[in-house]
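Read through the structure below, which is laid out as structure tokens, and then see the notes.
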Amino acid sequence: MNSLFEIQPEKLNENVFQLLGKDWMLITAGTIDAYNTMTASWGGMGVLWNRNVCYIVVRPQRHTFTFLEKNDYFTLSFFHEKYRDVLKFCGARSGRDVNKAAETGITPMVTGNNAVYFAEARIVIECKIIYYQDINPNNFIDPSIAKNYPQQDYHRMYIGEIISVKIA
């Protein structure tokens, strides 16, 4: 387990393209009594509405979607490469069927806002949901984007204000 300490979001010295697209993350929503986590490699970080934000996209059939809809907070947990199998497992299995933390040996923890993250993470970003929007295929200017939706199961985008950033 890592000891995490809090930093200002502006002090996070990481390449977000590497973090999100290559390293992957666990998106977690819910409370310690009822939560789900899923692996994701799509999203972003930046400044919007004069706030530091993250955005994530989750398809409605994902179990985590239900928890995002019922809770105000979510976390993004980033891990060292040695946890790649954990990330693969959490991306391939549904929390409806298995307890992902128990199956993989990662340790759920809670923030001061009762959001769930994992003790083994090297970076944890806690966000408060401030906006959501369903992806609308009518707005695809580049028609090749549609190939990401062969079943027309368009993501919901959540924008979360960054409440805290913790690093190992």
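Read the figures in this text as sums done on the coordinates, not as results from a lab. Bear in mind that the values here come from a model prediction, so they are computed numbers and not experimental data. As a convention, Cβ positions derive from the backbone with ideal geometry for all residues, glycine included, and neighbour counts pool all protein chains shown.
Here are some notes:
- Anisotropy class of the stretch 1-117 from Cα gyration tensor, a/c 1.5 cut: rounded
- Residue-wise HN-Hα coupling along the stretch 42-51, computed from phi with Karplus coefficients 6.51, -1.76, 1.60 (Hz; x: Gly, Pro): 10, x, x, 9, x, 10, 8, 6, 6, 10
- Centroid-to-centroid separation of the stretch 30-46 and the stretch 56-106 [C-alpha atoms, Å]: 6
- Working note: 222 nm ellipticity from helices only, DSSP H runs with n ≥ 4, each -39,500 (n - 2.57), summed and divided by the residues of the chain, gives -3500 deg cm²/dmol to the nearest 500.
- Sorting His63, His80 from the fewest to the most surrounding beta carbons within 10 angstrom yields His80, His63.
- Working note: Karplus 6.51/-1.76/1.60 with θ = phi - 60° gives the stretch 142-150 the couplings 8, x, 5, 4, 4, 5, 6, 10, x Hz, where Gly and Pro are set to x.
- Neighbour-count ranking [beta-carbon atoms within 10 angstrom, fewest first] of Ile130, Ile32, Ile106: Ile32, Ile130, Ile106
- With θ taken as phi - 60° and the Karplus curve 6.51 cos²θ - 1.76 cosθ + 1.60 applied, the whole-hertz 3J(HN,Hα) list for the stretch 90-99 is 5, x, 9, 10, 8, x, 5, 9, 9, 8 Hz, x standing for glycine and proline.
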